[in-house]
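> Let me begin by handing over the structure; questions about it come next.
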Amino acid sequence: MATVQKIRREHRADGPAAVLAIGTANPESFQLQDDYADYYFRVTKSEHHADLKDKLKRICKKSGIEKRYAHLDEELLGAHPDFIDRTLPTLDARIEMASAAVPALAASAAEKAIAEWNRPASDITHLVFSTYSGGKAPSADLRLASLLGLRPTVSRTILSLNGCSGGGKALQLAKELAENNRGARVLVACSEITLLAFYGSLEGRLDTIFGQGIFGDGASAAIVGADPVVVGTIERPLFEMAFATQTTIPGTEDEITMQLTKGGLDFHVSTRVPKLLKNNIERCLIDALEFLGVSPTWNDLFWAIHPGGRAILDHVEDLLALDDGKLAASRRVLSEFGNMSGATVIFVLDEMRRRMARGEEVAEWGVMMAFGPGITIETMVLHATCHHEN
Ligand SMILES: CCCCCCCCCCCCCCCCCC(=O)SCCNC(=O)CCNC(=O)[C@H](O)C(C)(C)COP(=O)(O)OP(=O)(O)OC[C@H]1O[C@@H](n2cnc3c(N)ncnc32)[C@H](O)[C@@H]1OP(=O)(O)O
């Protein structure tokens, strides 16, 4: 008779989990940051809020963003003018729209990841899906499984309202699943669509103006698995996942919040967030790297930091005295897409592997960090295996 220990040993993977493929997608419609304040106040018919328009212009100018994508374009908004007024009961209509758009965008990203992975979608054993843009069951994870033709036994997990830390958490869960289930192949999908939180401006609601200045829509996907199939180089690891932690900054529950209301998704991000992160991330980094028994200088590592805002990247760079270019992957993603909440950090990994393939980043070891409500800090130590691949 087999023992539980023996069964456990046989069902665990031998090697560490690794990111085996990445895909990303955005809606077709985009706005240039330089034009955004004019666009927003025109389509929301709020030109009379001149002071708020000036504020949005200031935020856009300092955002480090050039372009952002959005599912809710002028035409769709024209068909739903009630979305502009946050006091109207539009939640049902927003959720209906998001429940189709969120999995569809996730499928576009996942199809690219699966094509790169080089194996059929039916080989995926687990799905971890993260989004703040939902409010229905069955959720976007089931719809995505159906769009991709995943097997009926695929084991699904949905993470809701994790905000900007959702991608980090989803990757950490994927690592645990892959290492504890021999042969598992986990599809991580993050899909964020801002239409739940799109309102016209209102005096005294500065969160709305802030959100309009930095957030955008996007979906990202990664395939995670241990013990890659190397015969015929079917699977090629990009980043081995060495160690992951989650930390919550005590007493910061009210600094980043999200709540579904009858009028959509209400959110608040305090102006203290960049400073709070600056004061707390070094401890997370030291703990994660001490556990591994290494103490590199910060510039010896590569950095895949969630670009929650330009000020967050500036604070991290300053705190760790990082050389110019060390945060180039995060800054480029911020510039090209804005803050796509939980989806963003996988975009940064995608950009990082391109930089590594071009020889623009040579560090072998690195850190991925994502930040969200809590305030939660997700930290993962990565070992890159994609430097000399292309
Ligand atoms: C086409 C796309 C369409 C998109 C539609 C989008 C619709 C909205 C959707 C939102 C959904 C979001 C839900 C997710 C929420 C969870 C987010 C997270 O988990 S974690 C998110 C983590 N991300 C962050 O925490 C963002 C980090 N922050 C930053 O990166 C920067 O502060 C900055 C870029 C925003 C401004 O640059 P900086 O160098 O600081 O420049 P200054 O000091 O000169 O300030 C300029 C003006 O900005 C003001 N202001 C600043 N902050 C806030 C605020 N929080 N609050 C309000 N206002 C704020 C400040 O008061 C000043 O006003 P004024 O004096 O001129 O009147």
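The values are calculated or read from the model by the stated rules, or taken from the named source; none is laboratory data. Please read these numbers as outputs of a predicted model, since none were measured by experiment. Cβ atoms come from the backbone with ideal geometry, glycine included; neighbour counts cover every protein chain shown. Note: accessible area is taken over every heavy atom of the protein model, side chains too, but ligands, DNA and RNA are not part of it. Shrake-Rupley method; radii C 1.70, N 1.55, O 1.52, S 1.80 Å.
Quick grid of which residues meet (1) in contact with a Gly (Cβ under 9 Å, 6 or more places away or on another chain); (2) surrounded by fewer than 23 Cβ atoms within 10 Å (Cβ to Cβ):
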{"residue": "Asp323", "(1), (2)": "no, yes"}
{"residue": "Arg332", "(1), (2)": "no, yes"}
{"residue": "Phe337", "(1), (2)": "yes, no"}
{"residue": "Gly342", "(1), (2)": "yes, no"}
{"residue": "Arg354", "(1), (2)": "no, yes"}
{"residue": "Ala370", "(1), (2)": "yes, no"}
{"residue": "Thr376", "(1), (2)": "yes, yes"}
{"residue": "His383", "(1), (2)": "yes, yes"}
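> From the residues in the stretch 196-217 that are near the ligand (Cβ under 8 Å from one of its atoms) and among the hydrophobic types (A, V, I, L, M, F, W, C), which one is most open to solvent (accessible area, probe 1.4 Å)?
Among residues in the stretch 196-217 that are near the ligand (Cβ under 8 Å from one of its atoms) and among the hydrophobic types (A, V, I, L, M, F, W, C), the one most open to solvent (accessible area, probe 1.4 Å) is Leu206.
> For the stretch 1-59, name all the residues that are of a type in the set (A, V, I, L, M, F, W, C), farther than 30 Å from Val381 by Cβ and in contact with a strand residue (DSSP E or B) (Cβ under 8 Å, 6 or more places away or on another chain).
Phe30, Leu32
> Would you be able to tell me the number of residues in the stretch 40-56 that are surrounded by 13 or more Cβ atoms within 10 Å (Cβ to Cβ), farther than 21 Å from Gly308 by Cβ and near the ligand (Cβ under 9 Å from one of its atoms)?
Of the residues in the stretch 40-56, 0 are surrounded by 13 or more Cβ atoms within 10 Å (Cβ to Cβ), farther than 21 Å from Gly308 by Cβ and near the ligand (Cβ under 9 Å from one of its atoms).
> Right, next: Scan the stretch 57-69 for residues that are open to solvent by 30 Å² or more (accessible area, probe 1.4 Å) and under 21 Å from the mean Cα position of the chain (by Cα) and jot them down.
Of everything in the stretch 57-69, those that are open to solvent by 30 Å² or more (accessible area, probe 1.4 Å) and under 21 Å from the mean Cα position of the chain (by Cα) turn out to be Gly64, Glu66, Lys67, Tyr69.
> If the requirement is being out of contact with any Phe, Trp or Tyr (no Cβ under 8 Å at 6 or more places or on another chain), open to solvent by less than 50 Å² (accessible area, probe 1.4 Å) and away from the ligand (no atom under 16 Å from the Cβ), which of these qualifies: Glu235, Glu255, Glu240, Glu179?
It is Glu179.
> Go over the candidates Ile214, Ile209, Ile234 one by one and state the one that is closer than 30 Å to Asp14 by Cα and β-branched (Val, Ile, Thr).
Only one candidate qualifies: Ile234.
> I'd like to verify a number: residues in the stretch 8-34 that are open to solvent by less than 80 Å² (accessible area, probe 1.4 Å) and either among the small types (Gly, Ala, Ser) or not in a strand (DSSP E or B) (or both), how many?
12
> Something else now. Being out of contact with any helix residue (DSSP H, G or I) (no Cβ under 6 Å at 6 or more places or on another chain), within 16 Å of the ligand (Cβ to nearest atom) and open to solvent by less than 40 Å² (accessible area, probe 1.4 Å) narrows it down to one residue among Ser165, Ser220; which is it?
The unique qualifying residue is Ser165.
> If you go through the stretch 123-160 one residue at a time, how many are open to solvent by 70 Å² or more (accessible area, probe 1.4 Å), assigned to a loop (DSSP other than H, G, I, E, B) and under 17 Å from Leu195 (Cβ atoms)?
Residues flagged as open to solvent by 70 Å² or more (accessible area, probe 1.4 Å), assigned to a loop (DSSP other than H, G, I, E, B) and under 17 Å from Leu195 (Cβ atoms) within the stretch 123-160 amount to 1.
> Any residue that is touching an Asp or Glu at 6+ places or on another chain (Cβ under 7 Å), touching a residue at least 12 places away in the same chain (Cβ under 8 Å) and within 16 Å of the ligand (Cβ to nearest atom) - is there at least one of those in the stretch 344-365?
No, the stretch 344-365 contains no residue that is touching an Asp or Glu at 6+ places or on another chain (Cβ under 7 Å), touching a residue at least 12 places away in the same chain (Cβ under 8 Å) and within 16 Å of the ligand (Cβ to nearest atom).
> Here are the criteria: (1) open to solvent by 20 Å² or more (accessible area, probe 1.4 Å); (2) touching a Gly at 6+ places or on another chain (Cβ under 9 Å); (3) on the phi > 0 side of the Ramachandran plot. Tell me which single one Arg310 does not satisfy.
Only one criterion is unmet by Arg310, namely (3).
> I'd like to verify a number: residues in the stretch 262-293 that are of a type in the set (D, E, K, R), free of Cβ contacts under 8 Å to residues at least 24 places away in the same chain and away from the ligand (no atom under 13 Å from the Cβ), how many?
Number satisfying all stated conditions: 1.
> Oh, and also: When only residues in the stretch 223-232 that are crowded, with 24+ Cβ neighbours inside 10 Å and not β-branched (Val, Ile, Thr) count, which is nearest to Phe347 (Cα to Cα)?
Residue satisfying both the conditions and the ranking: Gly225.
> Restricted to the stretch 1-51, and to residues that are of a type in the set (Lys, Arg) and more than 18 Å from Ala226 (Cβ to Cβ), which residue is modelled with the lowest pLDDT?
By that ranking, first place goes to Lys6.
> Here is a further query. Name the residues in the stretch 312-336 that are of a type in the set (Gly, Ala, Ser) and either in a helix (DSSP H, G or I) or without any contact (Cβ under 8 Å) to a residue 24 or more places away in the chain (or both), would you?
Those that are of a type in the set (Gly, Ala, Ser) and either in a helix (DSSP H, G or I) or without any contact (Cβ under 8 Å) to a residue 24 or more places away in the chain (or both): Ala321, Ala328, Ala329, Ser330, Ser335.
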